[in-house]
Amino acid sequence: MKTVCITNRLLCRNDFFEQIEYICKQNLYALVLREKDLDDKTYEEFAVKCNDICKKNNVLFFINTKINIAKKLNIKNIQVSFKDFFNNKDILNSFDTVAVSVHSLEEAKMAEDWKKETTMYNVQCRMYNKRQLQTQQTDCHGDKSPRNDSLNLFLIAGHIFETDCKKGLEPRGIEFLKEICANVEIPVFAIGGINQTTIKQLKGINIEGVCLMSALMKKSQNDFLNNL
């Protein structure tokens, strides 16, 4: 089972970057730099440092929401809310991996349909451009913007269990997660209130992995990842 870390430096009991370094040396698949309260300049500085740590440890690094910073730093993985996904489909087309947070089956299906349509369209464009290479410099999008015909997309479905991050909001629960997994073909990661106790309830559900925040950010010595 793959594990994605969603950062929150306010939960750390030691230096944030030391914690990131430690987590990335464990059995981690990806890290999403959340830190929504930071201004763009500081977030960019954090992104550079976290990206370097992730590269060194062969961990995928994702910018959260801030598409402009991802473009500026040439970071090819982005994690967005469904609203941001819906409003930025054409821009997201150029990333290598897009992670979309979903809260309903309808949102999950819309994201999956976009991925299928985008991949098909980009393959067709690549074939067209290859034929036109001798006579035309622009691509079939009408510009020279890079497009990715091998786009990766995964869903982050939640929140599944009660969590302090969503205080007062009723969790969507196991049945919601099962419904998503049963009706889409793309990878699904569960999020929300997942710890060493609740993760046992996910056994047998066809998820790609889990997203963790508190379970990783709060601990200085963390064997949790190696036990997943």
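Bear in mind that the values in this text are calculations on the coordinates, not laboratory data. The structure displayed is predicted, hence computed values, not measured ones. Quick reminder, even Gly has a Cβ in these numbers, built from the backbone with ideal geometry, and neighbours come from all protein chains shown.
Using R₀ = 35 Å, calculate the FRET efficiency as 1/(1 + (r/R₀)^6) where r is the Cβ-Cβ separation of Q132 and D96; round to 0.05. Here the calculated transfer efficiency is 0.90. Using R₀ = 25 Å, calculate the FRET efficiency as 1/(1 + (r/R₀)^6) where r is the Cβ-Cβ separation of T42 and K166; round to 0.05. Approximately 0.50, to the nearest 0.05. Computed from phi, the 3J(HN,Hα) profile of segment 205-219 under the Karplus parametrisation 6.51, -1.76, 1.60 (θ = phi - 60°) reads 8, 7, 9, 6, x, 9, 10, 10, 10, 4, 4, 9, 6, 7, 9 Hz, with x in place of Gly and Pro. Longer than 26 Å from Cα to Cα, which of K115/K200; K41/K71; K56/K218; K49/K166; K115/K166 are they? Say none if no pair is. Check vs 26 Å cut-off fails for K115/K200; K49/K166; K115/K166.
Exposure proxy ranking for H159, H103, based on other Cβ atoms within 10 angstrom of each Cβ and starting from the fewest, stands as H103, H159.
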